[in-house]
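The values are calculated or read from the model by the stated rules, or taken from the named source; none is laboratory data. In this text the structure is predicted, and so the values were computed from the model without any measurement. Because the Cβ atoms are built from the backbone with ideal geometry, glycine has one as well, and the counts that use them run over all protein chains shown. The area values use the complete protein model at the heavy-atom level, side chains included, leaving out ligands, DNA and RNA. Shrake-Rupley method; radii C 1.70, N 1.55, O 1.52, S 1.80 Å.
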Amino acid sequence: MTIGLYTLTSPLHDQQALDAASAQFLAEIERELAAQDKICTLILKGPDFSDFGAEDLSVVYVRTGGTEGLFKEVFGQVSRTPDGRIRPVRLLTSGKSNSLAASMEILSFLRLNDCPGEIIHGSSRYIARRLKLLCEVEAARKRLDGTRLGVIGQPSDWLIASRADRAQVQEKLGIELVDIPIEELIEEIKKRSYPQNGPVEALLQQADRMPEKVRAYREGALHIYGGLKRIIEKYGLGGLTLRCFDLLGTVGNTGCLALAMLNAEGIPSGCEGDIPALLTMTVAQTLVGVSGFQANPSRIDPESGEVLFAHCTVPFDMLRSHTYDTHFESGIGVAIHGELPEGKVTVFKLSGDLSRACIIDAELLRNQYEGDLCRTQIVLQIGGAADYFLKNPIGNHHVILPGHRTPLLEAFFAGLA
């Protein structure tokens, strides 16, 4: 990966001494970068900002104080992509020649102009680690750009706080939300066909693991999977959310199985038409490369810090084992009772206008199964974060990711806010 350092330097400083100090500063960073798992190459650019953004990561290198006016002149070039969308501005400073003071003034200017940004400052080891992390963030941002996500049916009626600001989603993530009538999916389901691929073959081989009451719905659940696969191909979708409860009365089945299969194939697929949850799952899949479990917080103990999350579908690739049951609320269809590995997880949720994020490192303590809840049930230890859920949550559904992902997710969100 290449990191372009676009320099801002005041002519008032001793250029020869400044060049020597700068060379030493950058050499130390390069040595630290070379020690990282991924090798990132620094490219020192001149004062010309015309190709800013061409590298995997482009950074404004504030070498001295007195450069605030110079930054203001190039602000439009560094804060906007060629197609006019806002991008975060990263300011690298050595801490010498009043560079940090200038960077603080520049960052304040960015905030006044509603542009996200940050100052990269500290030891060479910290700076190298931060640059590497931001390279991963920028790579994910570029992969997201141009993604089309399907909204099949409108969000469920009870999601009164879970809407999306489509302009912000397009502006900040480069994602297009595509509205698809639920009737179109129903027509596809009526074709009663599905691909004979590996996931389907694996499912059919598990017939003996399905209770008889569930087995009766298997073919219909696969017809839903087939219909969704055809819609994904037709619209060029990178993910979808489905107003799944509408299928109960129209086709007498649920989307739980289909969504579990699609997620395991790397296609983020959410329930109930919840667009913020889908955006969260899509960002996680693109940034971290893992599926996410969209679930309801069903029970919270604010004293112990334990939270029970549950839902009737869960990506198959997240599970160590699973069985099948009917959908909790309706008693029909093919739902998944899955067990996830205990250990480190992250609770993640983006708001629909991308102004807020919930990012909590947690521990998955145990799996459980109670008959009066959605079928996959996990208990997490979230420590002192219970207040978030009880006083200031971002809607209902949250997404559980394997592993602790806080630094990467926070770095990504910092580029949106």
(request) Scan the range 245-257 for residues that are within 17 Å of residue 159 (Cβ to Cβ) and surrounded by 21 or more Cβ atoms within 10 Å (Cβ to Cβ) and report the count. (result) 2
(message) Pairs needed: first member in the range 286-301, open to solvent by less than 30 Å² (accessible area, probe 1.4 Å) and at pLDDT 95 or above; second member anywhere, assigned to a strand (DSSP E or B) and among the aromatic types (Phe, Trp, Tyr); C-beta distance under 6 Å; at least 6 residues apart or different chains.
(response) 295/309
(message) Being over 13 Å from residue 417 (Cα atoms), assigned to a helix (DSSP H, G or I) and either of a type in the set (Phe, Trp, Tyr) or open to solvent by 40 Å² or more (accessible area, probe 1.4 Å) (or both) is the filter here; which residues of the range 95-113 pass it?
(response) 100, 101, 104, 105, 108, 109
(request) Hey, can you tell me all the residues within the range 60-86 that are touching a strand residue (DSSP E or B) at 6+ places or on another chain (Cβ under 7 Å) and of a type outside the set (Val, Ile, Thr)? (result) 61, 63, 70, 71, 79, 80
(request) Return the pairs, sorted by first residue and then second, in which the second residue is aromatic (Phe, Trp, Tyr) and open to solvent by less than 40 Å² (accessible area, probe 1.4 Å), the first residue lies in the range 133-147 and is closer than 14 Å to residue 279 by Cα, the beta carbons are less than 9 Å apart, and the residues are 6+ apart or on different chains. (result) 140/412; 141/412
(request) State all residues of the range 9-41 that are under 28 Å from the mean Cα position of the chain (by Cα), open to solvent by less than 20 Å² (accessible area, probe 1.4 Å) and under 23 Å from residue 77 (Cβ atoms); if no residue qualifies, say none. (result) 40
(request) Return the pairs, sorted by first residue and then second, in which the second residue is small (Gly, Ala, Ser) and at pLDDT 80 or above, the first residue lies in the range 1-25 and is under 24 Å from residue 39 (Cα atoms) and in a helix (DSSP H, G or I), the beta carbons are less than 6 Å apart, and the residues are 6+ apart or on different chains. (result) 25/94
(message) I'm checking my understanding of the structure. Among residues of the range 258-278 that are in contact with a Gly (Cβ under 8 Å, 6 or more places away or on another chain) and assigned to a loop (DSSP other than H, G, I, E, B), which one is most open to solvent (accessible area, probe 1.4 Å)?
(response) 267
(message) If I ask for residues that are among the aliphatic types (A, V, I, L, M) and under 13 Å from residue 386 (Cα atoms), which ones from the range 353-369 would you list?
(response) 359, 360, 362
(request) Identify all residues within the range 115-134 that are of a type outside the set (A, V, I, L, M) and under 16 Å from residue 26 (Cβ atoms); write none if there are none. (result) 121, 122, 123, 124, 125, 126, 129, 130, 132
(message) If I filter the range 267-283 for residues that are touching a residue at least 40 places away in the same chain (Cβ under 8 Å), over 23 Å from residue 332 (Cβ atoms), of a type outside the set (D, E, K, R) and in contact with a Phe, Trp or Tyr (Cβ under 8 Å, 6 or more places away or on another chain), do I get at least one hit?
(response) yes
(request) Please specify each residue of the range 159-190 satisfying the condition of being touching a Gly at 6+ places or on another chain (Cβ under 7 Å), charged (D, E, K, R) and assigned to a loop (DSSP other than H, G, I, E, B). (result) 163, 165
(message) Tell me whether the range 199-211 contains one or more residues that are in contact with a strand residue (DSSP E or B) (Cβ under 8 Å, 6 or more places away or on another chain), in a helix (DSSP H, G or I) and not charged (D, E, K, R).
(response) no
(request) Quick one: residue 354 ticks every box in (1) in a loop (DSSP other than H, G, I, E, B); (2) farther than 26 Å from residue 245 by Cβ; (3) open to solvent by 40 Å² or more (accessible area, probe 1.4 Å); (4) of a type outside the set (Lys, Arg) except a single one, so which number is it? (result) (3)
(request) Identify all residues within the range 79-114 that are more than 29 Å from residue 30 (Cα to Cα), at pLDDT 95 or above, of a type outside the set (D, E, K, R) and out of contact with any helix residue (DSSP H, G or I) (no Cβ under 8 Å at 6 or more places or on another chain); write none if there are none. (result) 112
(request) Specify the residue that is least open to solvent (accessible area, probe 1.4 Å); the eligible residues are those in the range 52-73 that are on the phi < 0 side of the Ramachandran plot and without any contact (Cβ under 8 Å) to a residue 40 or more places away in the chain. (result) 69
(message) I need the full set of residues from the range 134-152 which are open to solvent by less than 30 Å² (accessible area, probe 1.4 Å), over 17 Å from residue 352 (Cα atoms) and out of contact with any strand residue (DSSP E or B) (no Cβ under 7 Å at 6 or more places or on another chain), in order please.
(response) 137, 139, 140
(message) Quick check on my filter: what residues within the range 36-51 are hydrophobic (A, V, I, L, M, F, W, C) and without any contact (Cβ under 8 Å) to a residue 60 or more places away in the chain?
(response) 39, 42, 43, 44, 49
